[in-house]
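Have a look at the structure below, then the notes.
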Amino acid sequence: MSFQLFGFDDQDTWLHHLSGATKLLAFLGLSIIAMISYDARFLAAITIMSLILFKQAHITWRQIRLVTKFILFFSILNLLAVYVFSPEYGVHLYGTRHLILGSTGYFTLTQEQLFYELNLTLKYIVTVPLALIFLMTTNPSEFASSLNKVGLSYKVSYSVALALRYIPDVQSEYHQISLAQQARGYELSRKANLWQRLQGAGKILIPLVFASLDRIDTVSRAMELRRFGRYRKRTWYMGRDFHASDWLTLLATVLIIILGIALFKVNDGRFWNPFR
Amino acid sequence: MPAITFDHVNFQYESQAEPTLHDINLTIHAGEKVLIAGPSGSGKSTLGNLINGSIPHSIKGHVTGTVRIGDQDTQDASLFDLSLLVGTVLQDPDSQFIGLTTAEDIAFGLENDRVARPEMHQRVEEWATRLGIAAQLHQSPQELSGGQKQRDAMAGVLIDDGDILLFDEPLAALDPASGRKSIALIDKLHQQLHNTVIIIEHQIEDVLTRPVDRVILMADGRIIGDLTPAELLRSNRLQQIGLREPLYVEALRYAGCDLNQVDHIEDITALDTQALAPTLQHWQDGAAATPPTVARTPLLDVTDLHFGYNRHTPIFDGLNLTINRGDMLALVGRNGVGKSTLSQIITGFLNPAAGHLTYHDGDQKVDLATLSVKERADKIGYIMQDPNQMISQVMIRDEVGLGLRLRGLDDDTITKRVDDTLKICGLYPFRNWPINALSFGQRKRVTIASILVLQPELLILDEPTAGQDWRHYTDMMTFLEQLNQQGITMMFITHDMHLMLEYANRTVVLGDQGVMLDARPSTVLANPEVSVPLL
C-alpha cells in the first residue's frame, strides 16, 4: 500500500538506544513543565533543545509530513480561536496595554496578546517534536515494556502495542475487502455518485469487523495457549536495562523541571512579564 | 503411564444443538507419533482442543467423561499448566503471530513465565538455530515464507520443552513442497526429542511421506478406526469417509494390484517396483489416449504486461497470455511469481504499469482499462483465497443474492437463481444459516456461490480447494468442471498437481521470466525441469 502510517523506524542513534521508559518519562516530564510554564525564555530554550534532539533522531520529512501538517493546521486554528474568543486576554494577564492596532472595538491587537500567543506557539513546538521522537525511535514492544515499567498493567500495555501493530494489517485488509465488494457490484469508482460510494464504503465495515473479530479470537487463543496472563508480572524480550545514558537523560530532565519550577519563584508565578 | 487418555468423552459446543463428539475412547502413549485424520466436520479439531485444554477452559460447551494428560484431569488443571505439557501449533500461523519480530514471537511463552532476559535470548537463539530461522530473528514474522512462519510457530512451543506436540492442520497454509519439508522437520524433531507428536490433518498423502505409528480415523464425531498406515492404505476406508488416498495407492488399485500382497505400501520409496511394473505397464497400455485439442477462440488477451510492486523488482516484464473461450486453465508456479497478482490485474484490483488487456465480448473487443472493477465483474468473476474478505452479509441467502439485488433483479428471479446456485454448491440445507456458523471450507463455497450466481463468462479462482477435504474438493471440482462444459471459461491458481492433472485442459506455468510453459497438464508434469520445483 502506498499510504504508510508514521511509526517506529529502526535506526542507530543515541535516542534509539535509550530505554523506552526513559523516553516516555522525559517526554511526559518536559511536556508537563512546558504546559505549566509561561516563561518565554525557558520555553524558547527547551524548544531549541527539542529541535536539536529532533535533528539527531534522523527523522526524515517524508515520514512526518502528513502528521506535521495535521498538527500545524490545528495549532493555527487554535491560536486563531484563542484570539477570536478573547483578544484582550493578554492585557488581562499582564496588566498593561500596549496597543498596536485598533482602539475601542472588540478586536484589538496588543503586544500583550501577541506575546501570550507566542508562549502558546512555543508550547506546541516543544511538545510535538518530543512526541514524534518518542513514537519514531521507540520499538512498539519496547514501548509496551516501558509502559509496564512505569506502572501500567502489562495486559493493558500489551494491548496498546498489539493495536499499534495491527494498524497496517487492517489498512491492507480494508483495501482488499473494498475491491472484493466492488467486484460484487458496489460501484465505488469515480463512475458512481458520492452517496453510492459512501454507502458502499459502509458495507466494507461489516466484513472488516468480522475479519478483525476472527483475528482477535485467534490471537487471544494463541496468547492464552502460551500463558499470557499467568502471573502478575512478566519479563520482556525487548526490554532494556537502564544504562548511564538513561540516568543522564533523566537527570537532565529533572534539572530542567527544577529550573522551570525555580522560575515560578523568580517570576512570582507562572508568567514571566516583560511589560512591567 | 499413557501420555493422553480419553475415557468415554462426549462433547457438545454451547452454540450447537447436537454433540460434536460421541463416546471417545483413546489412549496415546508417550513417544508415539499419531495422525488424527478425518473429513472436515468429523470432530478432529475438537479432539485437539480437548487435548490442549482449550476445551473446557476457553471454549465453552458440555463435556462428559474424562480427558487426562499424564495423570492430570484437564478439567482440574489450568490452561496455563496444560500449555506447558502440550504445545500447540495452530492452523494458519499468520493469524497467531504475537511478537513484532520472530525473536519476540518465539520468546512469548518465556516472557509470560518470567524467564530472565539473558536466558531468554540464549534459548531463543538456540531454537531458532535448530529450526533454521536464526537469520530471520529480527524480521517481522509476517515477512517470512510459509515454511519459515511455521518454523517460527513451532519454535515458540518447542521452547517450552513440553512432552506433547500438537499440530492442527499443519499443511493447510503451505504449498506442497514446503508442506513436505515441514513434515520432514516434525519427523526429525520427533526422533531427536522423543516427545509425543499428534498431527491433525486430512491430507494423508503428505503426512505419510514420513512414518507415523498409528492413524486414528474420525468421522461424524466418532473414532472409526485405529490402525497402522499400512493397514489403512490396504483397506478402502479413506475412500469411505471421503478422504484422498495417496496417488500411488490409487494407481496401484486402478491397475488391479492386490494391495494385501504389496510390501511396504506405506512408503513409496520402498515399494518393490520390479514386481509391480508388469501390472502397471499393462494398465497404462490400456488407458485411453489423450483427446485431441479443439481449436478455440480467444476470450482475453494479455499483451506486453508490465507490473511491479516497487520499481526495482518487476513481477511482470512484458507478459503475454491468451485465455481462450472454454479453457479450464490451471495457473501454476512457485510462490511469488505473480499468480495472484495477474488475477488481480485482470479484475482491476491492481493497475499495470504498461500493457493491454483485451476482452472479446462477442465480436467486440473491449479494452479492460476503460472498465471499473464493478463493470469487469459482470464479465469476470474472481474468487479470492480468503473467503472472509468477500463476505459482507450475515445470512447465507442474503450473501449469495447480494450481487443480483445490486443489479436490480426482481425477487422471484433472485430467489430462483439463489436456490439453484445453493443446490449446485451443496449449500441448500444451510440456506437460512448465519455465515459465521460455517467452517472455512463452507464459507469458501458461499463465496463461490455468490459469484456464480452472477453468471460470469470467465471465472478466476485463487486456490479453490485450499483447506477442503477430498470429498468437498471433488464435489467442488466436479461442479466447476460441469460449469466449464456448459461454457464458462475458467482459470484457477493452484499448487495442487492432482487438481491440475485431473481437471485442467491447459496449464500455464509462470516463472520469473513470464510464461515458462503453456501446454497440456500431462506434458507439464512430464517435463521434470518445470514440474519438479513445483511438487
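Assorted remarks:
- Qualifying residue in region A:121-132 (condition: within 13 Å of chain B (Cβ to nearest Cβ), surrounded by fewer than 21 Cβ atoms within 10 Å (Cβ to Cβ), at pLDDT 80 or above and at negative phi): no
- Evaluation of A:Ala21 against (1) in contact with an Asp or Glu (Cβ under 9 Å, 6 or more places away or on another chain); (2) free of Cβ contacts under 8 Å to residues at least 12 places away in the same chain (one fails), failing number: (2)
- Strands (runs of 3 or more DSSP E) within region B:336-408 that include 2 or more residues modelled with pLDDT of 90 or more, more than 11 Å from every other protein chain (Cβ to nearest Cβ) and more than 24 Å from the chain's Cα centre (by Cα): B:354-361, B:364-367
- Test set (1) closer than 30 Å to A:Phe54 by Cβ; (2) touching a residue at least 60 places away in the same chain (Cβ under 8 Å) - A:Tyr154 fails condition number: (1)
- Set B:Ala277, B:Ala353: member being touching a Phe, Trp or Tyr at 6+ places or on another chain (Cβ under 6 Å) and either small (Gly, Ala, Ser) or open to solvent by 50 Å² or more (accessible area, probe 1.4 Å) (or both): B:Ala353
- Note on region A:234-247: among residues that are open to solvent by less than 60 Å² (accessible area, probe 1.4 Å) and outside any loop (DSSP other than H, G, I, E, B), the one that is nearest to the other protein chains (Cβ to nearest Cβ) is A:Asp246.
- Any hit, region A:105-116, residues being open to solvent by 50 Å² or more (accessible area, probe 1.4 Å), assigned by TED's automatic domain parsing to the domain that holds A:Met35 and in a helix (DSSP H, G or I): yes
- When the residues of region B:175-195 are filtered to those that are without any contact (Cβ under 8 Å) to a residue 60 or more places away in the chain and open to solvent by 30 Å² or more (accessible area, probe 1.4 Å), the one that is farthest from B:Val532 (Cα to Cα) is B:Leu193.
- Inside region A:204-233, residues that are in contact (Cβ under 8 Å) with a residue 24 or more places away in the chain, small (Gly, Ala, Ser) and more than 8 Å from chain B (Cβ to nearest Cβ) make up a count of 1.
- Considering residues of region A:251-260 that are out of contact with any helix residue (DSSP H, G or I) (no Cβ under 6 Å at 6 or more places or on another chain) and surrounded by 13 or more Cβ atoms within 10 Å (Cβ to Cβ) only, the residue farthest from B:Gly156 (Cα to Cα): A:Leu259
- Tally, over region B:316-332, of residues that are surrounded by 19 or more Cβ atoms within 10 Å (Cβ to Cβ) and out of contact with any His (no Cβ under 9 Å at 6 or more places or on another chain): 7
- With respect to the stated conditions, B:Gly162 fails to be part of a loop (DSSP other than H, G, I, E, B), within 13 Å of another protein chain (Cβ to nearest Cβ) and over 27 Å from B:Gly31 (Cα atoms).
- Residue, nearest to the other protein chains (Cβ to nearest Cβ), within region B:137-150, restricted to residues that are open to solvent by 50 Å² or more (accessible area, probe 1.4 Å) and outside any helix (DSSP H, G or I): B:His138
- Residues satisfying the stated conditions in region A:248-276, i.e. touching an Asp or Glu at 6+ places or on another chain (Cβ under 9 Å) and part of a helix (DSSP H, G or I): A:Gly260, A:Leu263, A:Phe264, A:Val266, A:Asn267
- Looking across region A:156-191 at every residue that is open to solvent by 40 Å² or more (accessible area, probe 1.4 Å) and modelled with pLDDT of 80 or more, the one that is farthest from the other protein chains (Cβ to nearest Cβ) is identified as A:Val156.
- When we screen A:Thr47, A:Thr68 for residues that are outside the structural domain of A:Leu147 (by TED's automatic domain parsing), under 23 Å from A:Arg270 (Cα atoms) and of a type in the set (Val, Ile, Thr), the only hit is A:Thr47.
- Candidates A:Leu255, A:Leu194, filtered to the one that is within 30 Å of B:Arg405 (Cα to Cα), more than 10 Å from chain B (Cβ to nearest Cβ) and without any contact (Cβ under 8 Å) to a residue 12 or more places away in the chain: A:Leu194
The values are calculated or read from the model by the stated rules, or taken from the named source; none is laboratory data. Just so it is clear, the structure is predicted and the values come from calculations on it, not from any experiment. All Cβ positions, even for glycine, are placed from backbone atoms using ideal geometry, and neighbour counts span all protein chains on display. Accessible surface areas use protein heavy atoms only, side chains included; no ligands, DNA or RNA. Shrake-Rupley method; radii C 1.70, N 1.55, O 1.52, S 1.80 Å.
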